[in-house]
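Notes follow once the structure below has been shown.
The numbers here are math on the coordinates, done by the rules we state, and not lab data. As the structure is a prediction and not an experimental result, all values here were calculated from the model. Using ideal geometry, Cβ is built from the backbone for each residue, glycine included, and neighbour counts are taken over all protein chains shown.
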Amino acid sequence: MKHTTFIAAIIGAAVTVTGTTVLAERAGSGDHKRPSFSELDANADGQITMEEMQARGDAHLAKIDTDGDGFVSEAEAVAAASARAKDRHARMVERFDADKDGKLSLQELKPRGERGARMFERADSDKSGGISQEEFAAATKKMEQHMRKRHGEGHKDGRGHMGDKPAND
């Protein structure tokens, strides 16, 4: 039962974070972007060593491991994901809150220009005015391929960081 609760919490946190990914990209990637070469080259010797990579990973895990026990608990993982989502939302409000009321209306969140219409037209490959199940599947696959290409293939095990953007160096 505890395992099921943990999985449900992780999925819930992932949905919360993923649900704001597209809008967060528009608002800026904040501190959850891929590090630049100079950030990874901690000793500035022009080379990134395995030790520098491991040190960066250890620092990231230590930040999440708030009780310092050497493990990332369910509560710590959910708290870290929630903090990232809260930061992204704050940046979105700052950027898109046209009337400065501290909230984002549906109008303020609508894509600018005709982006939605263009996306629909691309998905409606037979130009029937509707998107069939096959067209939906094809459009989804194309979008996933685009996201993998844009954000990298991720880790060897297929996990990636959606929403991560490389930093410019």
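Enumerate the amide H contacts of Arg34 below 5 Å, restricted to partners 5 or more residues apart or on another chain; note that Pro and chain-start residues carry no placed amide H. Residues meeting the amide H criterion: Lys165, Ala167. Sparse packing (at most 10 other Cβ atoms within 10 Å of the Cβ) combined with a DSSP loop state is found for the following GluC sites (Glu not before Pro) in the stretch 68-120: Glu114. Please label the shape of the stretch 113-153 as rounded, prolate or oblate, based on the square roots a ≥ b ≥ c of the eigenvalues of the alpha-carbon gyration tensor (a/c under 1.5 means rounded; beyond that, a/b larger than b/c means prolate, else oblate). The shape class here is oblate. Neighbour counts of C-beta atoms inside 10 Å place Ile64, Ile48 in the sequence Ile64, Ile48, starting with the fewest.
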